[in-house]
Amino acid sequence: MRMQNYQDFLAETLIDQVTLQNRVAELGHELNRDYAGNDNLLLICILRGGIVFLVDLMRQLTVPHQIDFMAISSYGVNARESEGNVRLTLDLQTNIHDKDVLLVEDIIDSGRTISKVLKMLSLREPRSLKVCTLLDKSTRREVDVPIHYRGFDIPNKFVFGYGLDLDELYRNLPFIGVVDLEKFQEN
């Protein structure tokens with residue numbers, strides 16, 4: 001596949017860079033308030049999409065915290081829809097027993113994957129387990145999941161940028177864009 005200029009298939013900018021950064025700063029302030037005095041906070045990032053959000057969010061935190069990473073696969077090869085079968089492809093290096101865990105996600109839609117991750121993590125007996133997601137496609141929810149910190153509730157559109165990929169590309173874009181799939185598939 002020839003790499004395209006994203007502007008060739010960008011249907012719209014859903015969330016611009018300034019709006020994104022302002023909301024991440026607000027989330028950071030909420031976390032600083034809620035975890036004030038806590039020295040047991042562990043941020044767990046679901047790779048790869050959540051990394052850009054995690055890094056920007058960490059820059060807003062004044063509370064001490066550790067980070068760790070998990071990689072989960074629920075998509076088939078070159079799939080754009082989750083198959084619902086969750087596979088752990090990279091596990092944590094940190095023991096989360098008795099830690100205050102904040103799961104940092106890029107996007108939650110059906111809720112199936114994050115629900116299974118929460119069940120998996122709860123078996124490890126953290127002191128607390130909360131979810132912080134940048135994007136929430138609540139209209140696609142099939143499984144009820146607790147979201148404690150939410151950046152944006154977005155419509156059911158195929159989005160990319162700011163960590164979210166389109167066929168493993170364009171994660172570096174500083175905004176959230178909507179894909180025009182017809183134009184993307186033309187090339």
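If LEU92 satisfies every condition in (1) outside any helix (DSSP H, G or I); (2) modelled with pLDDT of 95 or more; (3) among the aliphatic types (A, V, I, L, M) but one, which is the exception? Unmet for LEU92, out of (1) outside any helix (DSSP H, G or I); (2) modelled with pLDDT of 95 or more; (3) among the aliphatic types (A, V, I, L, M): (2). Here is the figure for the range 61-72: residues that are more than 9 Å from ILE44 (Cα to Cα) and surrounded by 15 or more Cβ atoms within 10 Å (Cβ to Cβ) total 4.
Here the condition is being modelled with pLDDT under 95, basic (Lys, Arg), surrounded by fewer than 20 Cβ atoms within 10 Å (Cβ to Cβ) and closer than 20 Å to TYR6 by Cβ; of ARG87, ARG112, ARG80, it holds for ARG80 alone. Residues that are of a type outside the set (Val, Ile, Thr) and touching a His at 6+ places or on another chain (Cβ under 8 Å) within the range 103-135 comprise ARG124, GLU125, PRO126, LYS130, CYS132, listed in sequence order.
Name the single residue, out of those in the range 44-72 being part of a helix (DSSP H, G or I) and among the charged types (D, E, K, R), that is nearest to LEU173 (Cα to Cα).
So, considering only residues that are part of a helix (DSSP H, G or I) and among the charged types (D, E, K, R), the one nearest to LEU173 (Cα to Cα) is ASP56.
Here ASN40 meets the list (1) modelled with pLDDT of 95 or more; (2) more than 22 Å from ASP165 (Cα to Cα) almost entirely, failing just condition (1).
For the range 7-19, which positions are part of a helix (DSSP H, G or I) and either at pLDDT 95 or above or within 21 Å of the chain's Cα centre (by Cα) (or both)? Selection gives GLN17, VAL18, THR19.
Checking each residue in the range 126-166 for being assigned to a strand (DSSP E or B), within 25 Å of VAL18 (Cα to Cα) and touching a Leu at 6+ places or on another chain (Cβ under 7 Å) picks out VAL131, CYS132, TYR149, GLY151, PHE152, VAL159, PHE160, GLY161.
Of everything in the range 173-187, what is polar (S, T, N, Q) and in contact (Cβ under 8 Å) with a residue 12 or more places away in the chain? Give them in sequence order. Within the range 173-187, ASN187 is the sole residue that qualifies.
Select from the range 20-43 the residues that are assigned to a helix (DSSP H, G or I) and of a type outside the set (A, V, I, L, M) and list them in ascending order. Once the filter is applied, which keeps residues that are assigned to a helix (DSSP H, G or I) and of a type outside the set (A, V, I, L, M), the range 20-43 yields GLN21, ASN22, ARG23, GLU26, GLY28, HIS29, GLU30, ASN32, ARG33, ASP34. Among the numbered conditions (1) without any contact (Cβ under 8 Å) to a residue 60 or more places away in the chain; (2) charged (D, E, K, R); (3) under 23 Å from VAL52 (Cβ atoms); (4) surrounded by 13 or more Cβ atoms within 10 Å (Cβ to Cβ), the only one that ASP153 does not meet is (4). Confirm whether TYR162 is aromatic (Phe, Trp, Tyr) and touching an Asp or Glu at 6+ places or on another chain (Cβ under 7 Å). Considered against the rule, which asks whether it is aromatic (Phe, Trp, Tyr) and touching an Asp or Glu at 6+ places or on another chain (Cβ under 7 Å), TYR162 comes out as no.
The values are calculated or read from the model by the stated rules, or taken from the named source; none is laboratory data. Predicted model only: the values in this text are computed from it and were never measured. Don't worry about glycine lacking a Cβ; one is built from the backbone with ideal geometry, like all the others, and counts go over all protein chains shown.
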